[in-house]
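J.: Below are the structure tokens for one structure; questions will follow.
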Amino acid sequence: MISNYHIVQGERPRKHRYRKGLDATVSRLLLLTASVSIVTVVLITLFILAKGLPFFAEVPLTSFLFSTDWRPSGSPPSYGILSFIVTSLAVTVFALLLTMPIALSTAIYLSEFAKGKVAVTLRQSIELLSGIPSIIYGLFGIAAIVPMVRNLFGGNGYSVLSASIILAIMILPTIINVSEVSMRSISRELREASVAMGATRWQTIKGVVVPAARSGIVSSIVLGIGRAVGETTAVLLVGGNAPLFPTSPLSMGRTLTMNIVTDMSYAEGLHMSGLFATAILLFVFILTLNFIIVSVTRKSRLERN
């Protein structure tokens with residue numbers, strides 16, 4: 001007769017094998033779901049390249065990048081996107097200049113000073129700001145920003161400056177959230193050591209907390225740049241959407257994404273291929289930004305270790 005002890009001893013290997021097999025199955029399923037992201041990126045990359053690279057067999061890369069003449073229906077047609085590149089850079093730079101002081105100040109206040117209901121209210125407001133659809137930002141820009149720019153600086157109000165103000169508001173939550181999390185992750189012991197050496201609270205923030213959170217702050221800025229460069233709808237509504245080279249912040253302009261959206265509805269042939277070539281440029285730019293984030297984060301980890 002087999003004792004209960006031997007029955008239990010026989011069941012343990014079976015349970016162990018069952019759990020091991022279950023773990024292996026779950027691990028494979030998780031790997032499969034994680035691979036979906038990689039496969040998606042690869043497919044998108046191949047699709048854009050397949051549609052856009054044939055364009056350069058007809059139009060030289062230098063003419064595409066350094067000409068300001070965009071006339072796909074002209075005779076002969078011209079496909080120069082320099083004015084769109086400059087407008088995209090100008091809108092992004094102005095947006096960063098407008099939003100950085102506010103974003104970093106808010107992040108410092110939330111991580112170092114805000115408490116209780118004030119902190120909760122601020123964080124909820126910032127989260128709400130990040131969840132507003134871009135079309136709403138665009139309508140707000142038409143109703144408030146464009147008239148303000150028109151009354152203060154002249155012109156019709158639809159300009160690079162108006163687009164920059166809207167983008168500054170839109171990227172504000174991204175920079176605030178990432179910067180605040182980075183500052184809050186700095187150990188309390190580091191702050192206390194600074195205070196113990198005689199530094200004031202502001203000196204501790206300026207000389208210890210912000211430098212220690214540098215990688216997170218840089219990452220937030222890069223993410224903000226990516227959001228600004230990729231934004232279309234809100235900028236389309238307030239930027240003027242004119243294929244002109246911007247000569248001042250009050251000039252109307254057209255960004256790379258605006259040009260793709262504007263022409264995609266009727267483009268065909270070489271014109272359509274040119275829009276995909278523009279998408280390749282945007283894709284390379286976003287990949288470069290991601291590479292910068294990874295490099296800064298890795299460098300920060302190495303410095304800490």
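J.: Helix by helix through the chain, keep the DSSP H runs that span 15 Å or more along the axis on Cα and average at least -0.5 on Kyte-Doolittle, and give those back in order. Intermediate values should be presented prior to the final figure.
T.: Numbers: long enough: 4-52 (72 Å, 0.34); 82-112 (44 Å, 1.77); 116-131 (23 Å, 0.47); 160-184 (35 Å, 1.66); 214-230 (24 Å, 1.10); 270-304 (51 Å, 1.18).
Counting only whole DSSP H runs, the qualifying helices are 4-52, 82-112, 116-131, 160-184, 214-230, 270-304.
J.: Which value, in debye to the nearest 20, describes the size of the charge dipole of segment 82-304 about its Cα centre when Lys and Arg Cβ atoms bear +1, Asp and Glu Cβ atoms bear -1, and nothing else is charged? Mind showing how you got there, number by number?
T.: On the way: 16 positive and 9 negative charges, 159 e Å.
Charge dipole of segment 82-304: 760 debye, to the nearest 20.
J.: What value, in deg cm²/dmol to 500, does the helix sum -39500 (n - 2.57) over DSSP H runs of n ≥ 4 give at 222 nm once divided by the residues of the chain?
T.: On the way: 13 runs with 222 residues, N = 305.
Estimated from H runs of four or more residues: -24500 deg cm²/dmol.
J.: Okay, moving on. May I ask you to work out the translational diffusion coefficient for segment 207-251 at 10 °C, viscosity 1.306 mPa s, via Stokes-Einstein with Rh from the Kirkwood sum over Cα pairs, reported in whole µm²/s?
T.: It comes out at roughly 120 µm²/s.
J.: Would you mind getting me the FRET efficiency between Lys299 and Asn151? Use the beta-carbon distance for r and R0 = 35 Å, nearest 0.05.
T.: Values: r = 46 Å, r/R0 = 1.32.
Computed FRET efficiency for Lys299 and Asn151: 0.15.
J.: For the chain, with the dipole built from +1 on Lys and Arg beta-carbon atoms and -1 on Asp and Glu ones, taken about the Cα centre, which of Thr92, Tyr158, Phe56 lies farthest toward the positive end?
T.: Ranked along the dipole, the leading option is Thr92.
J.: If packing is taken as the mean number of other Cβ atoms within 10 Å per residue, what is the order of 25-34, 95-104, highest first?
T.: Per-residue Cβ counts within 10 Å, averaged per peptide and sorted highest first, yield 95-104, 25-34.
J.: Principal axis extents for the chain, Cα atoms only, whole Å, descending order, please.
T.: Result for the chain: principal-axis Cα extents of 97, 58, 36 Å.
J.: Taking 0.36 nm per residue of separation and subtracting the Cα-Cα distance, what length does fully extending Thr62 through Lys117 add? It would help to have the intermediate numbers written out before the result.
T.: On the way: separation 55, 0.36 × 55 = 19.80 nm, distance 5.62 nm.
Gain on extension, Thr62 to Lys117, equals 14.2 nm.
J.: Determine the gain in length on full extension of the stretch Ser248-Val195; use 0.36 nm per residue of separation and subtract their C-alpha separation, reporting nm with one decimal.
T.: On the way: separation 53, 0.36 × 53 = 19.08 nm, distance 4.69 nm.
Length gained between Ser248 and Val195: 14.4 nm.
J.: Provide the gained length on full extension for the span Ser185 to Thr33, in nm with one decimal, where the gain is 0.36 nm per separating residue minus the Cα-Cα distance. All intermediate terms of the calculation are to be shown ahead of the outcome.
T.: Details: separation 152, 0.36 × 152 = 54.72 nm, distance 2.98 nm.
Taking Ser185 through Thr33 to full extension adds about 51.7 nm, to one decimal.
J.: If R0 is 51 Å, what FRET efficiency do you get for Leu270 and Asp23 from their C-beta distance, rounded to 0.05? Working shown, then result.
T.: Working: r = 54 Å, r/R0 = 1.07.
Here the calculated transfer efficiency is 0.40.
J.: Please sort 121-128, 269-276 by packing, taking for each peptide the average over its residues of neighbouring beta carbons within 10 angstrom, highest first. Spell out each step's value before the answer.
T.: Working: 121-128: 13.0, 269-276: 18.6.
Per-residue Cβ counts within 10 Å, averaged per peptide and sorted highest first, yield 269-276, 121-128.
J.: R0 = 30 Å: FRET efficiency of Trp202 with Ile102, Cβ-based, nearest 0.05?
T.: Working: r = 18 Å, r/R0 = 0.60.
So, using R0 = 30 Å, E works out to roughly 0.95.
J.: Who wins for biggest fluctuation among Val178, Val208, Val235 in a Gaussian network model of the chain, springs between alpha carbons below 10 Å?
T.: Judging by the Gaussian network model, the answer is Val208.
Throughout, read-outs are computed from the coordinates displayed, never taken from laboratory work. Everything quoted here is computed from the prediction, not taken from an experiment. Counting neighbours? That spans all protein chains shown, and the Cβs are built from the backbone with ideal geometry, glycine included.
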